[in-house]
Every structure is written in structure tokens, then in C-alpha cells.
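Data block below; observations after.
Where a number appears in this text, it was derived from the coordinates with a stated rule and is not lab data. Just so it is clear, the structure is predicted and the values come from calculations on it, not from any experiment. Cβ sites come from the backbone with ideal geometry, for glycine too, and all protein chains shown count toward neighbours.
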Amino acid sequence: MNKLFISMIFIALVSSCASTSEKLSSDIDGKREEAEKICQTKKIIGSRIPEKFCYTKQEFERMEEASRETLEKAQRAGERMRTQETLGNTNSSL
């Protein structure tokens, strides 16, 4: 009876150590993913409570590039409109 009890404790110890190492490795991987994420708190229109948004570095870079392209596109469109207005005013005065 005593040998059975000691052997069960030994098996329990060994199995818990094995699962702990697997869990630790998955925790480390999870922390690496969290460390690579960039989090920002943003205010949402129509809400007083800001929300937290987390993105990976690649997602964040893609969003910044898309924002930059959108801004440049809007600036070019505005510049074209001002140029056309200027040309229109010059032609009408002649």
C-alpha cells in the first residue's frame, strides 16, 4: 500500500512537471505575441469611454501607410481643384 502511494505521488509529480514545461513554452510564445503588439487608446465618436486597440507591428505599419496614401490623395485632389478654380477665374476675366 505504501509503495503504491509513493509511486502515485511520483507519477503525479512527473506528469505535472511535463505539463508545466509545455504550459511555460506556450506562455512564452503568447508573451512574445503580446510584446510584438502595439496598443493605443482611442476615443470613439458618440461614446465617452475610450477603447483600447491592439495591433501587430505589421498591421500598424499597413494602417499608417494607408492613412498616408489617403492624406496624399486628398491633398492632390484639393490642389487640382484650386488649380482649376484659378484657371477658371483667369479665363473668365479675359
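Please work out how much length the chain gains when fully extended from residue 84 to residue 66, using 0.36 nm per residue of separation minus the C-alpha to C-alpha distance, in nm with one decimal.
Gain on extension, residue 84 to residue 66, equals 3.8 nm.
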>> Placing +1 on the Cβ of each Lys and Arg and -1 on the Cβ of each Asp and Glu in the stretch 36-78, which of 77, 50, 67 has its Cα farthest towards the positive end of the resulting dipole?
In response: 50
